[in-house]
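Quick notes on the structure that follows.
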Amino acid sequence: MCYHIIQIGDEMSNMTLSVPEELHRRMKEHTELKWSDIARRAFERKLKEVEMAEKLLRTSELTEEDAEKIGHKIKGSIRRRLSK
C-alpha cells in the first residue's frame, strides 16, 4: 500500500488515503492532474448523494420491504435492457 496525502478545503485539513501501489504508480504518471481536487470533488459528490438519500428517507413512507421490491424491479429492468 502507498499513502497519498490530500489537502482538502480552504483550512487545508489533511487526510491520508491508502491506495494500492499499482494505482499510485499510475497516478504518478499524470502529474498534470491535481489529485487533491479530484478527490475533494468525489467526496463532495458522494456526500450530496448520501445527504439526498437521507433526506428522502426522512420524509418517505415506504417500508424497507417496499424499497427492496422497487430495487429488484429496477435491477430486473436494467438486466433485461442490457441483455438485448
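The values are calculated or read from the model by the stated rules, or taken from the named source; none is laboratory data. These figures come from a predicted structure and were not determined experimentally. Backbone-built Cβ (ideal geometry, glycine too); neighbour counts: all protein chains shown.
Could you tell me whether any residue of the stretch 51-72 is acidic (D, E) and under 13 Å from the mean Cα position of the chain (by Cα)? Full working, then the answer.
Just the residues of the stretch 51-72 that are acidic (D, E), to begin with: 51, 54, 61, 64-66, 68.
Those still in the list that are under 13 Å from the mean Cα position of the chain (by Cα) too: 51.
Yes, the conditions are met somewhere in the stretch 51-72.
Pick from L57, L62, L82: which is farther than 30 Å from S13 by Cα, in a loop (DSSP other than H, G, I, E, B) and either out of contact with any Pro (no Cβ under 6 Å at 6 or more places or on another chain) or modelled with pLDDT of 90 or more (or both)? If you could, list the steps in order and put the result at the bottom.
On the way: L57 fails: in a loop (DSSP other than H, G, I, E, B); L82 fails: in a loop (DSSP other than H, G, I, E, B).
None of the other options fit; the residue is L62.
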